[in-house]
Each structure stands twice: as structure tokens, then as C-alpha cells.
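Any read-out appearing in this document is the output of simple, stated calculations on the displayed coordinates, not a laboratory observation. Since this is a predicted model, take the numbers as computed values, not measurements. As a convention, Cβ positions derive from the backbone with ideal geometry for all residues, glycine included, and neighbour counts pool all protein chains shown.
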Amino acid sequence: MKRENNEALSEMPPPKRGSPASLGAPVWRMRSSDQVFANSADRQSMLLLDVRPMTKGALRGFCRVQLPSRLVVQDVAVFVGRKRAWANLPAKALSGQDHRHKTDINGKPAYLPVLERGDRALADRFSERAIALIRRAHPGDLAD
């Protein structure tokens, strides 16, 4: 993801040790005055806190969002496929006793969800709102 208007970026404090930013990964943090809400008329909506770009296959990066309950969800994965863009809640790599990454029956890496949504409709609404927030904050970065 590219960022052309750096005015919306806040001055970043020193990164925490072990965080992606401390390892040199770019992180776009929003100033409180520039924070993007899913519904601009309603501040009781999902809020985009920052975006961490990374391109690897369909993956376009990770973001951090705050839910209306003020719960902050870190490492929301953002993907772009042939037909659409979507966001997934965080997941951790599934590893065996030998500490090697396990694979599923198709040979793809297996992941274990850290958080789960109640049903498919809720999952779709979360994804749609997260993608809308990113598109509003970074137009053109998630071209389908």
C-alpha cells in the first residue's frame, strides 16, 4: 500500500521491542483528528487505528481496528483477490511438536483463529466495514 499524503500520519513514538515497526516494517498511524470511522455520522462505529502494508500473494497488509465496544483488534489481515477485497480476524500459525508449521490436506499452511465471529453475516459485515475504512483512509490501495 502506498501513502502519498503524509500529513495524516502522526509522529510515531519509538516502537516497542519486538513489534513489526521495531523490525523496520512501515506502519501508518492515524492522528486522532484524522481517524476514520466506518460511519462518519456515528462515532459509535468501527475505527481504523493504523495500517501496516505488506504484499505477499493475495495479502496486502495488516490493520488495527477499534470496535464500538472499545476493544482493539490487532493484526487484522487484509487480502485482495480476483473478485473482491476482504479482511480476516487474527490467526496464529498451527505448529506441531517439532515446532514446524503444519499444513492442511491441500498442503497450505494451517492457522488457528485467535478470535471468532458469531456467524457468516457478522463475519461479512466486519470484513466490509474494515475494507471500507481502509479504502477511505488510503484510496486506490485496494484496487480489486
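With θ taken as phi - 60° and the Karplus curve 6.51 cos²θ - 1.76 cosθ + 1.60 applied, the whole-hertz 3J(HN,Hα) list for the stretch 74-80 is 8, 6, 6, 7, 10, 10, 10 Hz, x standing for glycine and proline.
By definition, a body whose alpha carbon gyration tensor gives a ≥ b ≥ c is prolate when a/c is 1.5 or more and a/b is larger than b/c, and the stretch 65-134 fits this prolate description. Counting every other Cβ atom within 10 Å of each residue's Cβ, VAL51, VAL114 order from fewest to most as VAL114, VAL51. Annotation: amide H-H contacts under 5 Å for MET54 (H modelled 1.01 Å from N, sequence separation of 5 or more, or interchain): GLY61, PHE62.
When the trypsin sites (Lys or Arg not before Pro) in the stretch 41-144 are filtered for DSSP coil states and for at most 15 other beta-carbon atoms within 10 Å of their beta-carbon, the remaining sites are ARG43, ARG70, ARG82, LYS83, ARG84, ARG100, LYS102, ARG117.
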